[in-house]
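Quick notes on the structure that follows.
The values are calculated or read from the model by the stated rules, or taken from the named source; none is laboratory data. Quantities reported herein were computed from a predicted structural model and do not represent experimental measurements. Glycine also receives a Cβ, built like all others from the backbone with ideal geometry; neighbour counts cover every protein chain displayed.
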Amino acid sequence: MSRTGGLALLLAALSAAPLLAADKAPDPKTETVHVVNAGETLGGIAQRAEVPRVLIIEANGLKEPYALKAGQKLVIPRRRSHTVKDGETGFEIAMDYGVPWADIAAANGLKNDAKVKPGQKLAIPTATTAKAAPQAVPSPSISTEPSKDLPDTAAPAFKWPVKGKIRRAFITPKDKAAGHEGIDVLADEGTAVRASAGGKVIFAGQGPDEYGLTVILWHAGRWTTTYSYLSKITVKEGDTVKPNERIGLVGETGLAEEPQLHFEIRRNKLAQDPKRYLPKP
């Protein structure tokens, strides 16, 4: 599978809130994590951060009466903006930012099936730690221009998402037509496809035509994994999954002509040979 078709399923993991600098007080208007001081209230923090109180409540899963404790860490959800480029799709934008398209659409008052237009400006909601993948288990990601906010973590301990014979191996994409950015593993129709490592579901649905039904996981840092040709998806965008948790079923959607799984590992949007990271079968 090459990077043709206008979309190499890459997603640049985006987000875990950066740590506060210990040597100087953070600016309330720009900080993404706030450590509650004695006597502070939710309303006061929201006012100084210039972020609606309700967004802080939702980002941190706070419950009434919203009492805060000194030392408590609050995610302060910030928003970025993106100007749609010519030929770009909502799917690609979601992949690049590592944010479910449903979240981006909601932030902009769009329907999930809305098409974006060149020049259109979109607010990109910041992924919060409440929804982020467990930091202990990272995974490959994708991005020719990795986010400066993300740590370049070591690869997680990836496991085989399904057992079977490799029908087609990874081929370094020397040109867009000849490369194969993952491996295709043969397995019976309906075989459970497992998360290769723990992470957050940042895409779950119909991918580009060649990929078919697809799930993409972000494993924190700059790593992602992609699972395609599925017959059924058993997770949804925003879910946090554990290692080896079922995320879908083997199928023959997309380019598949027989039941198999197309599996990719990416780091900074660059496809890696999965066999380098997977244990010997």
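Here are a few things to note about the model shown:
- Selection of strands (runs of 3 or more DSSP E) fully inside region 239-281 by the criterion of at least 2 residues being touching a Lys or Arg at 6+ places or on another chain (Cβ under 8 Å), in the same structural domain as A204 (by TED's automatic domain parsing) and closer than 17 Å to F203 by Cα returns 246-250.
- Considering residues of region 32-54 that are part of a helix (DSSP H, G or I) and touching a residue at least 24 places away in the same chain (Cβ under 8 Å) only, the residue surrounded by the most Cβ atoms within 10 Å (Cβ to Cβ): A49
- Test: residue in region 190-199 that is touching a Gly at 6+ places or on another chain (Cβ under 7 Å) and in a strand (DSSP E or B): yes
- Residue within region 250-266 that is more than 18 Å from G182 (Cβ to Cβ), of a type in the set (S, T, N, Q), surrounded by fewer than 24 Cβ atoms within 10 Å (Cβ to Cβ) and over 12 Å from the mean Cα position of the chain (by Cα) present: no
- When region 60-107 is filtered for residues that are in a loop (DSSP other than H, G, I, E, B), polar (S, T, N, Q) and more than 29 Å from G44 (Cβ to Cβ), only T89 remains.
- Single residue of region 85-106 satisfying the filter (crowded, with 18+ Cβ neighbours inside 10 Å and closer than 15 Å to K121 by Cβ) that is modelled with the lowest pLDDT: Y97
- Any hit, region 244-264, residues being farther than 15 Å from L213 by Cβ, touching a Phe, Trp or Tyr at 6+ places or on another chain (Cβ under 9 Å) and touching a residue at least 40 places away in the same chain (Cβ under 8 Å): no
- Test set (1) in a loop (DSSP other than H, G, I, E, B); (2) within 20 Å of G238 (Cβ to Cβ); (3) modelled with pLDDT under 80 - K111 fails condition number: (3)
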